[in-house]
Structure formats: C-alpha cells, structure tokens
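Below is one structure, written out as structure tokens, with a few remarks after it.
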Amino acid sequence: MKIVINGKETLIEKEQLSMRDLLVLQNVKMPEAVSVELNGEFLNRSEFASKTVKDNDVIEFLYFMGGGK
Amino acid sequence: MKGFNTIAIHAGQSTDPAMPTMAPVYQSAAFTWENPEAMEDVFSGRSYGHLYSRISNPTVTLLEQKISSLENGIGAIAVSSGMSAIAVVMFTLTEAGDEIISSNALFGGTRTLFQNVFKKYNVKIHYYDNDHPEEIEKMINEKTRLIFTETIGNPRLDIPDFEKLAQIARKKNIPLIADSTISTPFLFQAKKHHVDIVLHSSTKYISGSGSTIGGVIVDTGNFNWQNFHFQKTAAKVHPDFLFLASARKNIFQNIGCALSPFNAWLNILGLDTLALRMEKHCKNAEILAQALTDFSPVKEVNFPGNKNNKYREAGIKYFNNRFGGLLTIKLSGKKECFNMIRKLKMVKNAANIGDSRTLIIHPASTIYYGFPEDEKLRCGVSDDLLRISAGLEDAEDIINDIKQAIFGG
C-alpha cells in the first residue's frame, strides 16, 4: 500500500497494519514520545494498537521535544 | 526490566556509535544537521533530534528516560535545579488570578518561591496542614489549579495521607503534585499512590555525593489533562502529553532552565547506586535517631521511624518500611545548637541534604532566616532545632562525632 508519512510518499509491503506496527516498521525514534496524526486526527496512544493503517492514509509523526511550536 | 536497580542502570537508549558502557557527556551547545530540510523537520517536530542544549541534549534526555522509567511515568523533563522543577510546573499550570493549595510544612526555598514570585504574578497560595487534609476541601474553588505537597516535609518530617489527598483531588479534578526529593523513587512510588506530577531536586539523593545541582519533573500519566487550561497548540497536537508538551514548549525552553549535560551525567552516575545509598542513608538515620534519644542534652528527636512518631505508620505504608535519611533534634536553644555545630569534627555544617557526608544545619538562622515566627512554626522550625542529613559514613563515627560535640568541653 501507498501512504504519506510526514509529507513523503511511502510504500509499505502490506495491505494494512496497525499504527503500533507502523511505528516499529518505520523504526520511529523515541516511540514513547511521539504523537501521531492520522488523516487529520490526532490519536491517543491507547489507539495505536487498534488503529489500522490503510492505503492512501496520510500520517504525521510529531514530537514535542524539538525546537518548534 | 522490573527491578529498581536494573532500571536505574539500564533504562534509556544510548545511541552513541562508540557504544560506551557509561553514557557519554554530550558537552555541546548545538548539534549540526547535514541539510536544511532535516533541520527544519526537527524544528517543526516532524523528526526527533537535538538542536540546541537549552531545548534538549542527548545526555539530559537519557537522564529523563531513566527517571521517567523509575517513576513508571509517561515522560520527564530534567531542569537546572529542584526549584526550577517547581517553577516550571507552577508556570505551566497557573495563570494570574489562579489559586493553588499547598501543604504548609514546606522547604523554605519552595515557600519563598511561592510567596516572592508567584504572589507577584497574582497566584494566590492557600496553605493546609498535612495533619488535617480535610482543610483542603474548604479552600478549593473554581480557580484552584493544583494541590502541592512534599512526600516528607522538610524539616518537619511530616508524611501526608496520600489516599486522602488523592481522594480530594480526584473529586474536584485537580492535579496532585508531590515533591519526592527526600523519598526518591526508591522509597516512594508516586504513580501507585495517586500522584499526578512528581518532582525531584536531583541535587540530593539522586545525584548523591553533593556533587551537582539538578531537578526533574515526571508526568506519572495518572491525570487526564484534556480539560485543563493549556495553550491550544499543545492540547491539539499531543493528546497524551498535554502537560509535558505544554511545560516543555511553553515554559521550559523559553525561560532557559536547562540542566547542563555534565550535571545530567553526574545524576546518571548517581542513579547507578541510588538504591544502595538510600538503604544506607535510611539505616544510618535510624541508628542515629536511636542513639541521640539517649543523649540527655537532646530534648527531642524527630524521626518518622521512631516507635512513638505519628508518621511511622505512613512511612511503613508509603516508603516500604523505610523512613528517609533526615532527622531533627532539639537542644536547649540556639546557643547550644551553635556550640554543638562549632565542635563537630567530621559532620559538616552545610545547606544541603542527601550528601555522602553527614550534614547538619540550624534551619531557623539559615534556610528560614527572615521568615515570620508563625510561618517558621508551621514549617516545624524553631531556634532550638537542628536538621541532620545522615550520610554514608559508618554510623558509629557519626554518633561519636555528635556525642563529642554535645558532651565535649
């Protein structure tokens, strides 16, 4: 499937997977501190395991650790 | 990882390519990026990384990960001192016109911060007595933003009823903030006992050795911050980290109270032996309290572990049958206290606690100098009082030094 992660088109060799699995697959740094936006909606961490990522989804990984607002 | 020592030693991610066993000190003000796009991503929060050590630093982050793990929290912010930790929490959770409720037996520095800084910004402070937590309910109104207490009041050495505090706080949806400097995560499991934000002056037992200044703030994850008055940006973007994101982005990185990488490293070094040291501090304080009870010039020994102490049961319940490393004694008056301090040969007269060395201080003439008499009394401070921080020396040597200072010519 083809998804967009932080503005970049990304090919994933699976039909679908959970958000938690995507964090592992993408080797996301500091996963314990990342916030996730899926198609314009911010997810609670409790939803990471149950939320399914599908073709054409738009995902943003965001940190509050950096310098921005 | 489950054991306290294992977590203290191994928690946190070390990504240094040289793979050292001990975390390196990243003693650098700034960090370079290979291209402007990558740097923009970090600034915007779309990538994780370090830019500038006022904002974050790999050594400081490792300390934050370790303390957060020890507290079983959802994240931590390490700051330049314990006072910074309290200030960041206060600036994050209060605005002008707000009110807070705090225990009255506070460390003098905390009380001064509340009185001299936050009153100036029109934050009203109500003080309650930890022996009467029911007082809190009468103080709560729609402007109340937090309840603050120390896990062991310094120097009154009172221990709150955390069940009661949490019950009141939950009922009114107000966060419970606890300064656990004296108990450390080794004695007190803040999350389990319903604390929402736990603070430490890591200067004391966490770093040990009296080598550095530092502070840490941990969100235990107990409190639902969704309805709290944070700036909208953090609330929208980071639903699970509302407090941490707001504290870090709106306050911490703007007022510049970052912990230096070297001080963070000293704290990390201290964590390796925190449990071992705390056992010894607590044991030495217990032995010392017992010995001093038999010295006739000592009118009173206050140690939560003493059989007749009213906080003994709370210590057994909350601190796993330990009572901390502090005790206070009363002599006849200020003159006798000063005479004793003057005669000490090994025990040091110093304004700190949690050092490897046993430290003593006369609080009324130092930390509480200039405080009104009624405030001193509420904090358990009087002219005849001495506070002792039991060090790691052999207990017999501490006792002998104090004995010769009290009885010696």
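Any read-out appearing in this document is the output of simple, stated calculations on the displayed coordinates, not a laboratory observation. Everything numeric here is computed off the predicted structure, so don't read it as measured data. Cβ sites come from the backbone with ideal geometry, for glycine too, and all protein chains shown count toward neighbours.
Dipole magnitude for region B:19-170: about 380 debye, using +1 per Lys or Arg Cβ and -1 per Asp or Glu Cβ, origin at the Cα centre. Helix B:274-293 axis versus longest C-alpha principal axis of chain B: approximately 20°, rounded to the nearest ten.
Hey, what number do you get for chain B at 222 nm if only DSSP H runs of n ≥ 4 count, each worth -39500 (n - 2.57), divided across all residues, to the nearest 500?
The helix contribution divided over chain B gives -10000 deg cm²/dmol.
Alpha carbon centre of region B:363-392 versus region B:127-182: separation in Å? That distance is 22 Å.
Between the helical axis of B:58-70 and the longest alpha-carbon principal axis of chain B there is an angle of about 60 degrees.
Cross-link reach is defined here as a Cα-Cα straight distance under 17 Å, omitting same-chain residues fewer than 8 places apart; for B:LYS120 the aspartates and glutamates meeting it are B:GLU95, B:ASP98, B:GLU99.
What Kirkwood Rh does the protein assembly as shown have if only Cα atoms enter the pairwise 1/r average? Answer in Å.
Working: mean 1/r = 0.0422 Å⁻¹.
About 23.7 Å for the protein assembly as shown.
Specify whether the C-alpha gyration tensor of region B:120-262 places it in the rounded, prolate or oblate class, a ≥ b ≥ c being the square roots of the eigenvalues: rounded for a/c under 1.5, otherwise prolate if a/b is larger than b/c and oblate if not. Verdict is oblate for region B:120-262.
I'd like the FRET efficiency for A:ALA49 and B:GLN226, computed as 1/(1 + (r/R0)^6) with the beta carbon distance as r and R0 of 22 Å, rounded to 0.05. Please list the in-between numbers first.
Working: r = 21 Å, r/R0 = 0.93.
Rounded to the nearest 0.05, the efficiency is 0.60.
With respect to chain B, whose longest principal axis is taken over its alpha-carbon atoms, helix B:261-272 is tilted by about 60°.
When the square roots of the Cα gyration tensor eigenvalues are ordered a ≥ b ≥ c, the ratio a/c for chain A is 1.5 or more and a/b exceeds b/c, which makes its shape prolate.
From the square roots a ≥ b ≥ c of the eigenvalues of the alpha-carbon gyration tensor of region B:1-113, which class results: rounded (a/c under 1.5), prolate (a/b over b/c), or oblate? Let's see the in-between values first.
On the way: a/c = 2.40, a/b = 1.42, b/c = 1.69.
Oblate, because a/c is 1.5 or more while a/b does not exceed b/c.
Spin-label pair B:THR21-A:ASN39: with each label point 7 Å from Cα along the Cα-Cβ axis, the two points sit 5.2 nm from one another. Straightening the chain between B:ILE255 and B:GLU137 buys 39.1 nm, computed as 0.36 nm per residue apart minus the Cα-Cα spacing.
Determine which residues of region B:119-158 fall in the zone a paramagnetic label at B:GLU95 would reach in this model, i.e. backbone nitrogen under 16 Å from the point 7 Å along Cα→Cβ. Zone members listed by number: B:121-124, B:142-146. Bridging of B:LYS343 to lysines at a Cα separation below 20 Å is possible for B:LYS299, B:LYS330, B:LYS334, B:LYS335, B:LYS403, once same-chain residues fewer than 8 apart are set aside. The residue among B:THR149, B:ALA247, B:VAL237 whose Cα reaches farthest toward the positive pole of the charge dipole of region B:133-272, with charges on the beta-carbon of Lys, Arg, Asp and Glu, is B:VAL237. Cross-link partners of B:LYS66 among lysines, defined as those whose alpha carbon lies under 16 angstrom from its own and excluding same-chain residues fewer than eight positions apart: B:LYS2, B:LYS191.
For peptide A:30-36, the mean count of partner chain Cβ atoms within 10 Å of a residue's Cβ comes to 6. Of all beta bridges that DSSP places with both ends in region B:154-238, some 60 percent have antiparallel geometry.
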